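What follows draws every value from the coordinates through simple rules; no lab data is involved. All values derive from a computational prediction rather than experimental measurement. Note that we place each Cβ from the backbone using ideal geometry, even for glycine, and neighbour counts take in every protein chain shown.
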Amino acid sequence: MPQNHRTVGTDSIAAAAARLREAAATGTAAATVRDLIGRDDVTAAYAVQQLLTAERIRAGATVVGRKIGLTSEAVQRQLGVDQPDFGVLFDDMAHADGATVPADAVLQPRVEAEIAFVLGADLAEGPLDDAQVRAAIDHAVAAIEICGSRVADWDISFGDTVADNASAGGYVLGTRRVPLAGFDPVAAEMTLTVDGETVSTGSGTACLGDPVNAVVWLARQARDLGEPLRAGQVVLSGALGPMRPVAPGATVHATVTGLGTVSLTFSA
């Protein structure tokens, strides 16, 4: 887990979690939580995320992977941080390629295209370096992440988004599975369209210089947190281009060179 001395009390952690929990339950975005936990207290923000994650698991949800966010230097500068963040993927966040997703499934939805990696081995022991992580990746697929924020108007600081599970909402994986031996994530080019209009483009270099670098970072953070990455889990490695808002009825389509296409439609 990212290390940072936390001075925020448990009451404030619980209050921040309650605010985000209520937003999810009512479908109404809440005020920011940085007034409770600070803008950039890394440890406090992840403490809120862990509290809400534990509640989801107790309620029957299953963790199926992680998402990595803030992999772009420009976005990091915007939020005044020097590191990515991560959130948890639950089983009910997954949607099939080409599926129709309920428009109200995610609060204030935005979409971004990225490369997802599916692990074939645990990342719990050893140096967790580039070579080990590459060997642990079974395959890569094109992915669309549906980001959402329980904070009104996406008025987020680093603390707000981390507490809110890194603004994770849902995801769709493409059906073409490609081993790393046949695919260079750095060279990948991405195009994202909404209703046929190109709204975002980018490349693998936009994700920490190499999307695999993001997985290396995550593997170490997850192990430090005590919940290492496991075989079979999905890792959304980070956006290859700008995130874009979507409206009910929109059809979203992404192409990632070497990985093919992936799409979804939001119900009207």
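Quick one: grab the alpha carbon gyration tensor of the range 1-125, order the square roots of its eigenvalues as a ≥ b ≥ c, and give me rounded if a/c is under 1.5, else prolate or oblate depending on whether a/b is larger than b/c. It comes out rounded by the Cα gyration axes.
Along the charge dipole of the chain, Cβ charges K/R +1 and D/E -1, which of 15, 117, 256 sits furthest on the positive end? Of the options given, the answer is 15. Estimated from helical segments only, the mean residue ellipticity of the chain at 222 nm is -8000 deg cm²/dmol, where each DSSP H run of four or more residues counts as -39500 (n - 2.57).
Its alpha carbons give the chain an Rg and a Dmax of 17.3, 50 Å. Please compute, over every Cα-Cα pair in the range 57-149, the percentage with a separation greater than 17 angstrom. Value for the range 57-149: 64 percent of Cα pairs lie more than 17 Å apart. Three principal axis extents of the range 102-251 based on alpha-carbon atoms, in descending order, are 44, 33, 26 Å.
Over the C-alpha trace of the range 202-268, radius of gyration and Dmax come out as 15.1, 42 angstrom.
The equivalent ellipsoid that matches the C-alpha gyration tensor of the range 187-228 spans semi-axes of 30, 13, 6 angstrom, in descending order. Quick one: grab the alpha carbon gyration tensor of the range 98-155, order the square roots of its eigenvalues as a ≥ b ≥ c, and give me rounded if a/c is under 1.5, else prolate or oblate depending on whether a/b is larger than b/c. Verdict is prolate for the range 98-155. For the pair residue 91 and residue 205, a Förster radius of 51 Å applied to the C-beta separation gives a FRET efficiency near 0.95, rounded to the nearest 0.05.
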